1. Gap in Å between the Cα centre of region 142-180 and the Cα centre of region 56-83?
2. Counting Lys +1, Arg +1, Asp -1, Glu -1, what net charge surrounds P66 among other residues with beta carbon under 15 Å of its beta carbon?
3. When the gyration tensor of the chain is built from Cα positions, what are the square roots of 5 times its three eigenvalues, in whole Å, from largest to smallest?
4. Identify all aspartates and glutamates with a Cα-Cα distance to K61 below 19 Å; exclude those on the same chain that are fewer than 8 residues away in sequence.
5. Give the calculated FRET efficiency between V107 and E239 to the nearest 0.05, with a Förster radius of 41 Å applied to their Cβ-Cβ distance.
6. What is the sum of charges, Lys and Arg at +1 and Asp and Glu at -1, for the other residues whose Cβ falls under 13 Å from the Cβ of D125?
7. Taking a threshold of 18 Å on the Cα-Cα distance, which of the pairs K15/K46; K24/K82; K46/K88; K3/K113 fall above it?
8. For G346, which sequence-distant residues (separation of 5 or more, or a different chain) have an amide H within less than 5 Å of its own amide H, given hydrogens modelled in the peptide plane?
Amino acid sequence: MLKLLEYEAKEYFKKYGIPTPAGKMVTTPEAAREYTAELGKPVVIKVQLPVGGRGKAGGVKFADTPKEAAEAAQQLLSMTIKDLKVEKLYVEEKVDIVNEIYLGVTVDRNSKKHVILASSEGGMDIEEVAAETPERIIRHLVDPIDGLRSYHCYYIATRLGYSGRKMRQFGAFIAKLFELAVGMDAELTEINPLAEVEDGFLAADARLNVDNNSLFRHRELEEKLLDSYQGEFSGREMEAKEKDLTYVELDGDIGIIGNGAGLTMATLDTVMLQGGKAANFLDLGGGATSERISKAVKFVLSDERTKALFVNVLGGITRCDHTAQGIVAARKELGSEKPIVVRLMGTKEEEGRAILKENGIDTLDTMEEGAKMAVRLAGGN
Ligand code: GDP
Ligand code: MN
């Protein structure tokens, strides 16, 4: 799940016409001072980190003048919250809040529908409200056929106690947030607090968590996902992600390639049972072409810790002859002498084995035999 920071989420909020206070992301006290002067109003300054509860952790400060804003920014930029160093701040005009509301859209897994959550008890302690007085949170399931109609939105607004103009404004607000949730493939979008002000409503905070599996529809967010992986994955794992390979590094010396998560894990287990240690494993996934297999084999062989490679493929949509061609092509291109052990079974098995044999690569009949051989060739026992 890709969690956008508040200032990033607010860019999408604006795109979808959701009213937000004027604001700007800054990284220095000087920039905080300048923007506050430009606004000519008191401001709120908030740390931008991918964690909740900033307010309670001291990551939200108010400032009335540009000078105070610079001081507050200076303090915030020296903070570390939940082990994360503060590097970005959002400076936003401070609004006069009449009431703090909670509004969110998420997906209800049981009913497989979007659910709209609303409460007039917004602010920092919505979790407490949910735990202690769940009846104060209104839940509206959106029928996927019927969709969200304006009368649904008005009804929710009414239940929060609004009537007349405020009801229409709040109803329109819900409709826009729902449009954003659907348009951005959000697993969760949330505003807490949604500020009720004298003449309407404003998103004072913003959360937008996007489903990773939808990123092909939101290419501009893909880079962010890769960035958010920094530190969590090794350099080679990052490289694999960029190459669209499912690859995990371990600390042994045998490279493992399988097709499908189940088979790949079973291969890993079998190698361990035979006394070996995997250097890594790579799951080809379904329906791999010879190009993809070649790319995968090259990637695993080029890990200098890989002493031997065990390829275990069950031919189905992925064909054994394509697998063989991919392995042979990869070895030729790399000019690698590292031993490769292959076990192939299924679609075009005979053809696959023949191709490998011609190129001096032996195939084994079972996963156990393959694993045993790989362990031996890696120089273990
Ligand atoms: P969070 O603690 O990470 O959720 O950060 P928020 O952005 O929600 O801010 C925390 C709290 O600061 C809110 O619940 C509000 O009470 C207060 N706050 C934030 N923005 C404003 C504002 O513009 N005006 C006022 N009066 N209070 C604000
Ligand atoms: Mn909040």
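The values are calculated or read from the model by the stated rules, or taken from the named source; none is laboratory data. Quick caveat, the model's predicted, so the values are computed rather than measured. All Cβ positions, even for glycine, are placed from backbone atoms using ideal geometry, and neighbour counts span all protein chains on display. Each accessible area value is taken on the protein alone, full model and side chains, heavy atoms only, with ligands, DNA and RNA left out. Shrake-Rupley method; radii C 1.70, N 1.55, O 1.52, S 1.80 Å.
1. When both Cα centres are located, 35 Å separates them.
2. Numbers: positive: K24, R33, K41, K61, K67, K94; negative: E30, E34, E38, D64, E68, E71, E92, E93.
Computed value for this residue: -2.
3. Details: eigenvalues 584, 127, 55 Å².
So the equivalent ellipsoid measures 54, 25, 17 Å along its semi-axes.
4. Qualifying aspartates and glutamates at Cα under 19 Å: E6, E30, E34, E38, E71, E87, E92, E93, D96, E100, D125, D205.
5. Working: r = 33 Å, r/R0 = 0.79.
It comes to 0.80.
6. Details: positive: K56, R136; negative: E100, E121, E127, E128, E132.
Here the charged neighbours net out to -3.
7. Working: K15/K46 22 Å; K24/K82 24 Å; K46/K88 9 Å; K3/K113 21 Å.
Over 18 Å Cα-Cα: K15/K46; K24/K82; K3/K113.
8. Placed amide hydrogens put G315 under 5 Å from G346.
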